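*Asks:* Take this structure first; my questions come after.
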Amino acid sequence: MADTKLCRACDNELPLEEFHRSNNRADGRVAKCKLCTKMNRATKPATKSRSVSLTAIRLSRAINTVCKRLRIPVDIKVNNDATITVTIKEESSDE
Ligand SMILES: [Zn+2]
């Protein structure tokens, strides 16, 4: 079973567990994913930095999706200054 939902903020299709529950919604989940909700809350006063943050989230999701697809183990961190830290976890590399 693959229940997914499109996040209104970052436009990514994510598993339902990435969305907080809401009784007001038909599908029982809020419109924005957990990360967007968190980032939105953290950067609410500044509209500009919020959009930068959303871009950073969107980019980090995209990187994550691509890396998953390519089976590259990575650590992705969205920083408060809207930069993204991507660390490739090198496993056994055949030289
Ligand atoms: Zn989102």
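*Asks:* Just one of (1) among the hydrophobic types (A, V, I, L, M, F, W, C); (2) within 18 Å of residue 12 (Cβ to Cβ); (3) at pLDDT 90 or above trips up residue 72, so point out which.
*Replies:* Failed condition: (2).
*Asks:* Could you look through the range 52-92, keep only residues that are aliphatic (A, V, I, L, M) and in a strand (DSSP E or B), and pick out the one that is nearest to the ligand (Cβ to nearest atom)?
*Replies:* Per the criteria, the residue is 78.
*Asks:* Among the residues of the range 17-28, write down those that are among the hydrophobic types (A, V, I, L, M, F, W, C) and over 20 Å from the mean Cα position of the chain (by Cα).
*Replies:* Result: 26, single match.
*Asks:* If you don't mind, there's one more thing I want to ask. Within the range 3-16, restricting attention to residues that are farther than 19 Å from residue 66 by Cβ and loosely packed, with under 13 Cβ neighbours inside 10 Å, which residue is farthest from the chain's Cα centre (by Cα)?
*Replies:* First, pick out the residues of the range 3-16 that are farther than 19 Å from residue 66 by Cβ: 3, 5, 8-9, 16.
From what is left, the residues that are loosely packed, with under 13 Cβ neighbours inside 10 Å are 3, 8.
Working: 3: 17, 8: 12 Å.
So, considering only residues that are farther than 19 Å from residue 66 by Cβ and loosely packed, with under 13 Cβ neighbours inside 10 Å, the one farthest from the chain's Cα centre (by Cα) is 3.
*Asks:* Now for a different question. Within the range 15-26, count every residue that is in contact with a Lys or Arg (Cβ under 7 Å, 6 or more places away or on another chain) and more than 15 Å from the ligand (Cβ to nearest atom). Give the steps one after another, and end with the answer.
*Replies:* The first filter runs over the range 15-26 and keeps only residues in contact with a Lys or Arg (Cβ under 7 Å, 6 or more places away or on another chain), leaving 16, 18-22.
From the residues that got through so far, the ones that are more than 15 Å from the ligand (Cβ to nearest atom) too are 21.
The total comes to 1.
The values are calculated or read from the model by the stated rules, or taken from the named source; none is laboratory data. This one's a predicted model, so the numbers in the text were calculated from it and none came from an experiment. All Cβ positions, glycine included, derive from the backbone under ideal geometry; neighbour counts span all protein chains shown.
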